[in-house]
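Structure record follows, encoded as structure tokens.
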Amino acid sequence: MGNAVTFWGKRIVLATACGWLAWSGVAGKIRFADVSQSAGIARAHRTRRYPGPNGDVLRMFTSGGAAAAAGDFNGDGLEDIFVTDSDAGRPNHLYRNNGNFTFTDVAEEAGVAGGNDPLSIVADALWFDYDNDGRQDLLVARFGTPILYHNEAMASSATSAPHPGSTNSATPSRLSPSTTTTTAC
Ligand SMILES: [Ca+2]
Ligand SMILES: [Ca+2]
């Protein structure tokens, strides 16, 4: 009996909420606009190309390497975006959020542009603080071996203090490949 009351109670609450949204017009006002061009992040993902009769099939797999990961790598309170590329020698992109609806690609400066070498193909990425030092580190998954980048320094903004344990404080927001973890996928 109690479960039945709970079930119908939830149905009534849900119906009331949907009715309110329809009546208020809130649901109809939700819209998205494509601002990737003006934000500076409109770059096409490229797949790895292979010669031979099975080249197209192999290329299809690397098409699945188009990925993006959001995280505040420089600790300024603004979410930044890491975007993968999968073609041989092509750089990944680390878009630093400028806070004014634009982004700047700082992948080379931060040391995370690489990874698409002859034996490995960048496929995905994840921000997380693996060593609990308060800085977001970056795991780049590849067809091949993954790369774990340790975040070496905080943001270059005046409001961010250098990390006490940093060995690379002269290069703000640099991420270095960790030597503690590399295991095959
Ligand atoms: Ca940020
Ligand atoms: Ca960390």
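Any read-out appearing in this document is the output of simple, stated calculations on the displayed coordinates, not a laboratory observation. What you see is a predicted model, and the numbers here were worked out from it, not measured in a lab. FYI the Cβ positions are ideal-geometry reconstructions off the backbone, even for glycines, and counts take in every protein chain you see.
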> Long-range amide H contacts for Glu152: which residues qualify at under 5 Å (H placed 1.01 Å from N, peptide plane, sequence gap of 5 or more or a different chain)?
Replying inline: Arg174, Leu175, Ser176
>> Between Ala70 and Asp34, what's the calculated FRET efficiency when r is the beta-carbon distance and R0 is 25 Å? Round to 0.05.
In response: 0.90
> In region 32-132, which chymotrypsin sites (Phe, Trp or Tyr not before Pro) fall in coil by DSSP and have 14 or fewer other Cβ atoms within 10 Å?
Replying inline: Phe32, Phe101
> Rounded to the nearest 0.05, what FRET efficiency is calculated for Ala42 and Asp133 with R0 set to 25 Å and r the Cβ-Cβ distance?
Replying inline: 0.15
> If we count every other residue with Cβ under 15 angstrom of Tyr130's Cβ, Lys/Arg +1 and Asp/Glu -1, where does the sum land?
Replying inline: -4
